[in-house]
Amino acid sequence: MIDNISTIHFLKEMLYLIPLLILVFSSMIILLVDVFAESSNKRYLAPLTSLFLIFSAISIFWLYKYIPKSGVKILYNMVYVDHFSLVISAMLIIAAIITVWISSDYLERYGIAIGEFYSLLLISLTGMILMVSTTNLFTMFVALELFSIPIYVLAGFFRVYGKSIESSIKYFISGSVASAIMLYGIALFYGVFGTVEFSEIERHIFNHYDSVAQIAKTEPLLILGTLLIMAGFLFKTAMIPFHMWTPDIYEGAPTTVTGFMGFAVKATSFAAFFRVVVSIFNTPSLVYSENGTISPSSWINVIYVLIIITLIVSNLIAMSQRNVKRMLAYSSISHAAYLMIAILTFSLSKTKDSYGSLLFYLLTYLFASIGAFAVLSIFEKNGSNSVTLENLNGASKRSPFLVASMLIFIFSMAGVPPFGGFFGKFYLLKSAFVDGSLSTLVLIAVITSVIGAFYYLRVLVFMFMKDVESDENIETLNVPFLGKLAIALSAIAVVYLGVFPNSLIQFMGETISNFFIK
Amino acid sequence: MGVYIFYLFGTGLIATSIVAILMKNPVHSVLSVVSSFFFLAGIYAGLSMQFLAVIQILVYAGAIMVLFIFIIMLFDLQKSEYSKDRFLWRDLVPLALILITAAGFISAISRSESIKNYVANAKLPSNFGSVSAVSFEFFGTSNSVGRFSFLFEVISILLLSAIVGAVVLAKRKL
């Protein structure tokens, strides 16, 4: 039991939350500015938001230098700030900055350039950062809701389009059910252990149980809780068969929101799931049977089977999509499977090589995915809120800049060297292969990524080789300044990650190895 | 004595919940759900969680059910609209799944050792479940901070975002 902490000490500990505080206050400032600003001045809201985001990013860099490598537990162990959480937070803030830059012009085109968009985005970002910086199941659940509810609203931001409203309602209902399932799992954990703190749960499991079989006999609620919490995460990361919501919601939501959602929700859920795996699920008695082999009823096997299903099914369905947003939704499902392979590799092998692959893959996915959605948001025809392959006909004549950046993003996602995505996949699969027990999985992943190349490259075929039938939409596209900046920087980042991956992979590996400092 | 109170309210809770999903008329369903909330509040009170029992009635039976009834009123359903659906054999699949899941949960709970331990040596603090105990956890005392005060503040931001979101989605002209 922790002693009561005094008010002054509590406020001092809040200093570690300074990136979050900046985000919360700026979201409220933007709400107020939006009320009092003249409507002609509202285009300054996006630069203002990105300024606050940059402040928050600077405070993250400062904290990174300031905190010890083992991290700090603050506020009655409710929040745990360490290098891992700061690295993920920095990625999320970069994603938010790119989204804000693209959204400013996009929203104006649709006539809904209002401050609530940025405010909700910032609150959602707050929840995401809180979710990755905690080792407490209560905080994790509250943070999950804190980032989900603004995202539900942002998905329905185009209130005049039926598809947008539909995606919002669908996401809200299915997301709430998933949260409820996860909450049931948390409640079962609390019922069994009387605590929701990761380290105490781990100690309890380690001291009281030897193998999965023994847990199943004496404490079946523990296995039930594990499965329910995992189901919540699998929903948020959109692994098949928990993926049904993804294509509809990615299609209906405003395209810039889709880009943000596609990366940020996924990255947050994976980072939080990674923490849960490292701290709780990886306890030997939850994985192995008495003779030291992986128990057939362990959670590892569930994930293993789901990865195989996800890899095959998502890539096959993506091939038949004509709507590019839906296609990218299925591609994001297949990326989730790759990230799951990284987590599985991490929990099965203890070599240090596998450490960096999860974070590096997330980083390459960040720029490629948000960049691709940013390009689509500019190609989008007014009044349809969707992009089909035919809409991209003759795109290379309309805007060579956009098509060149799309080429980089698509090549990166398809895993073509020398772009970032290739090295993300390469390191991930290499460390999975070295381990040996996952070689079947690696084989399937390689085969399905070849299938994936087909539908990725088809986008480029439509952009470069097909011509428009009529002359009406040959006019060149006008790319706004902030949007151009965001897309150009993402493209440069993807190329940089492909050309100089080593130092970053090493950095990511060191971040993960901090988990094991006691 | 406490056990009998539990069985009384538990039976009522299960019965009203089943009635809620079997009723064809949505108003009848909602009324049945309201009574199930009261039974649940009774179980809480029987477990000496007075504060939770009061909140259950205030928030759920009070605020949330009013919303439900309002929405059903606004839909203004005619009898022909809700009495059409009839029993289909494919309805049995989800029913079977639910029953299997429920059986799994019941067997897991009945075999759980930690729950047996709780039953064997349950020792509650004297002010368990009272308003003062709950407020101590949330707000602390005059010179210390409660354990959950941080989460309490986070939830206030959550509610703010929900309000902003409701306005954004529902306001006629932005």
- Query: Does at least one position in region B:88-101 carry a residue that is more than 10 Å from chain A (Cβ to nearest Cβ), open to solvent by less than 70 Å² (accessible area, probe 1.4 Å), outside any helix (DSSP H, G or I) and farther than 30 Å from B:Ala53 by Cα?
  - Reply: yes
- Residue ID - surrounded by the fewest Cβ atoms within 10 Å (Cβ to Cβ), chosen from residues in region A:63-90 that are free of Cβ contacts under 8 Å to residues at least 12 places away in the same chain and part of a helix (DSSP H, G or I): A:Lys65
- Note on the structure: Restricted to region A:20-51 and to residues being open to solvent by 10 Å² or more (accessible area, probe 1.4 Å) and closer than 22 Å to A:Phe84 by Cα, the residue farthest from the other protein chains (Cβ to nearest Cβ) is A:Ile22
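Quick test for you: out of A:Val494, A:Val461, pick the one residue that is loosely packed, with under 15 Cβ neighbours inside 10 Å, among the aliphatic types (A, V, I, L, M) and under 25 Å from A:Gln321 (Cβ atoms).
A:Val461
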- Query: Can you name every residue in region A:216-227 that is crowded, with 18+ Cβ neighbours inside 10 Å and facing chain B (nearest Cβ under 10 Å)?
  - Reply: A:Glu219, A:Pro220, A:Leu221, A:Leu222, A:Ile223, A:Leu224, A:Gly225
- Tell me which of these B:Ala45 doesn't satisfy, since it passes every other one: (1) under 12 Å from the mean Cα position of the chain (by Cα); (2) buried (at least 18 other Cβ atoms within 10 Å of the Cβ). (1)
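Results for (1) of a type outside the set (Lys, Arg); (2) open to solvent by less than 40 Å² (accessible area, probe 1.4 Å); (3) assigned to a helix (DSSP H, G or I); (4) more than 13 Å from B:Gly165 (Cβ to Cβ), shown as yes or no for each residue.
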{"position": "A:Glu145", "(1), (2), (3), (4)": "yes, yes, yes, no"}
{"position": "A:Ser148", "(1), (2), (3), (4)": "yes, yes, yes, no"}
{"position": "A:Tyr152", "(1), (2), (3), (4)": "yes, yes, yes, no"}
{"position": "A:Val160", "(1), (2), (3), (4)": "yes, no, no, yes"}
{"position": "A:Ser164", "(1), (2), (3), (4)": "yes, yes, yes, yes"}
{"position": "A:Leu188", "(1), (2), (3), (4)": "yes, yes, yes, yes"}
{"position": "A:Gly191", "(1), (2), (3), (4)": "yes, yes, yes, yes"}
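Looking only at region B:149-174, how many residues end up being within 7 Å of another protein chain (Cβ to nearest Cβ) and either outside any helix (DSSP H, G or I) or open to solvent by 20 Å² or more (accessible area, probe 1.4 Å) (or both)?
Within region B:149-174, residues that are within 7 Å of another protein chain (Cβ to nearest Cβ) and either outside any helix (DSSP H, G or I) or open to solvent by 20 Å² or more (accessible area, probe 1.4 Å) (or both) number 6.
Could you list, in sequence order, the residues of region A:431-446 that are assigned to a helix (DSSP H, G or I) and farther than 21 Å from A:Ala368 by Cα?
A:Ser431, A:Ala432, A:Phe433, A:Val434, A:Asp435, A:Ser439, A:Thr440, A:Leu441, A:Val442, A:Leu443, A:Ile444
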- Item | Of all residues in region B:110-131 being open to solvent by less than 70 Å² (accessible area, probe 1.4 Å) and assigned to a helix (DSSP H, G or I), the one that is nearest to the other protein chains (Cβ to nearest Cβ) | B:Ser114
- Note on the structure: Of the candidates A:Ser279, A:Ser269, A:Ser297, A:Ser289, the one satisfying the condition of being open to solvent by less than 10 Å² (accessible area, probe 1.4 Å), in contact (Cβ under 8 Å) with a residue 24 or more places away in the chain and of a type in the set (Ser, Thr, Tyr) is A:Ser269
- Among the helices (runs of 4 or more DSSP H) contained in region A:312-415, which hold 1 or more residues that are buried (at least 21 other Cβ atoms within 10 Å of the Cβ) and in contact with a His (Cβ under 9 Å, 6 or more places away or on another chain)? A:324-348, A:357-379, A:400-414
- Task: State whether one or more residues within region A:367-383 are among the small types (Gly, Ala, Ser), more than 26 Å from A:Ile492 (Cα to Cα) and out of contact with any Cys (no Cβ under 9 Å at 6 or more places or on another chain).
- Result: yes
- Looking at region A:300-307, is at least one residue under 22 Å from A:Met406 (Cα atoms), surrounded by fewer than 24 Cβ atoms within 10 Å (Cβ to Cβ) and polar (S, T, N, Q)? no
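The values are calculated or read from the model by the stated rules, or taken from the named source; none is laboratory data. These numbers come from a predicted model, not from an experiment. Ideal geometry is used to build each Cβ from the backbone, glycine not excepted, and the neighbour counts take in all protein chains shown. Side chains included, ligands, DNA and RNA excluded: accessible areas come from the protein's heavy atoms. Shrake-Rupley method; radii C 1.70, N 1.55, O 1.52, S 1.80 Å.
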